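Here is the structure we will look at, set down as structure tokens.
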Amino acid sequence: MRVSELLRETARRFARAGLHYGHGTHNAREEAAWLISSVLGYLLEEEVSASAHKKIESLVRRRIRERIPLAYLLKEAWLGEHSFYIDKRAIVPRSFIAELLRDHLRPWLTREPKRALDLCTGSGCLAVLLALEFPTTRVDAADLSASALQVATININRHKLGKRVRTIRSDLFNSIDGKYNLIVSNPPYVTARSMAKLPKEYRHEPSLALAAGNDGLDLVRRILAEAKNHLTPGGLLVCEIGGNRRALERAYPKIEFAWPESSDPGSVFILNREQLPGASSRA
């Protein structure tokens, strides 16, 4: 069997199985191409060896039978051109903030930040991207989950960033000291209604990294209430909220959120420190 034939067959099997995507791919063909190329390293008109075909078949069967996200099966996920290690201890890396970092958050960010915080870091992917895009920035990667921070540490070390990126176990800002020029966060934002309807693929991910109350804003409210205490004058907060833009704007009608363009418009907002609610007594 040639690679192209195997690709078509695998894509058909995935489509018939009614799989759900969103962990690095968008459809059956993309999923099949990723799986096959992870084993072969190429997609050419060549014969597939018996051993490679056996390995691919095993992965295909598990993907269909167990509905495990392919990223977990391969222990690999991609954001743009960068690869990350991943397993079930952390949510599969995916964030539209990654697109904004490739453009250095222009025009909102005018200079390279001295210190940056990735809040709810999970696998550490955004912390790594921050350090790669801003070569002199010191980055803190914070998360409540000790297991997720173990995965983040793997990725920090894989990208040889241990001297500039450190992990902190913290319930949002509770264990965070000092101030930052930039805070980015991709917190849990799945509503209770959506959590009840999640496809099986998403149920393999830690619910702690997904669930965020009735309107999906439980953690975002806390972030907005406390972020000002941890930003320098002129500092930026960049936060992903999925499809909750209308709920957020209803909850904060006096705040003028900036909504940068991305592949999912309205999923990420940007605020500078001066736009945030007043500092609390912890300041």
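Every number in this text was worked out from the coordinates using simple rules, so none of it is lab data. All of these numbers come straight from a predicted model, not from anything done at the bench. No Cβ is skipped: glycine too gets one built from the backbone with ideal geometry, and neighbour counts run over all protein chains shown.
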Q: Would you mind computing Rg(Cα) / (2.2 N^0.38 Å) for the stretch 35-107, counting N as its residues?
A: 1.39
Q) Roughly how big is the chain's charge dipole about its Cα centre, with Cβ charges of +1 (Lys, Arg) and -1 (Asp, Glu), in debye to the nearest 20? A) 600 debye
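Based on the alpha carbons, how large is the Rg to Rh ratio for the chain when Rh follows Kirkwood?
1.00
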Q: Consider all pairwise Cα distances in the stretch 141-240 and report the whole-number % of them above 19 Å.
A: 51 percent
(Q) For the stretch 3-74, compute the orientation-averaged projected area of the C-alpha convex hull (one quarter of its surface), in nm². (A) 4.1 nm²
Q: Calculate the length of the line joining the C-alpha centroid of the stretch 1-58 to that of the stretch 240-268, in whole Å.
A: 36 Å
Q.
With unit charges on the beta carbons (Lys and Arg positive, Asp and Glu negative) and the dipole taken about the Cα centre of the stretch 1-136, which residue among Thr136, Leu19, Thr110 sits farthest to the positive side?
A. Leu19
(Q) Looking at the calculated P(r) for the stretch 193-283, what percent of the C-alpha pair distances fall above 20 Å? (A) 43 percent
Q.
Using 5 Å bins from zero, what percent of all Cα-Cα pairs in the stretch 1-159 falls into each bin?
A. 1, 9, 17, 18, 15, 13, 10, 8, 5, 3, 0
Q) If you place +1 on the Cβ of every Lys and Arg and -1 on the Cβ of every Asp and Glu, how big does the dipole about the Cα centre of the stretch 3-74 come out, in debye to the nearest 20? A) 440 debye
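What number, in percent, do you get for the relative contact order of the chain if the mean sequence gap of Cα pairs under 8 Å and at least 6 apart is divided by its residue count?
Values: 511 pairs, mean separation 40.8, N = 283.
Averaging sequence separation for qualifying contacts and normalising by length gives 14 percent for the chain.
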Q.
Only sites in a loop by DSSP and with at most 13 other Cβ atoms within 10 Å count here; which chymotrypsin sites (Phe, Trp or Tyr not before Pro) in the stretch 8-90 make the cut?
A. Tyr42
(Q) Using only DSSP helix segments of four residues or longer, with each worth -39500 (n - 2.57), what per-residue ellipticity at 222 nm results for the chain after dividing by its residue count and rounding to 500? (A) -10500 deg cm²/dmol
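Taking the DSSP beta bridges in the chain as the whole, what percent of them are antiparallel, to the nearest 5?
Numbers: 10 of 30 bridges.
Of those bridges, close to 35 percent are antiparallel.
Would you mind putting 230-240, 206-216 in packing order, based on average other-beta-carbon counts within 10 Å, highest first?
Working: 230-240: 20.5, 206-216: 17.5.
In descending order of packing, they fall as 230-240, 206-216.
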Q: Using only Cα atoms, tell me the angle between helix 28-40 and the longest principal axis of the chain; keep it within 0 to 90° and round to the nearest 10.
A: 80 degrees
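Number of Lys pairs in the chain with C-alpha atoms less than 18 angstrom apart, excluding same-chain neighbours closer than eight positions?
On the way: Lys55/Lys75; Lys75/Lys88; Lys88/Lys200; Lys114/Lys163; Lys114/Lys179; Lys114/Lys228; Lys179/Lys228; Lys228/Lys254.
Total qualifying Lys-Lys pairs in the chain comes to 8.
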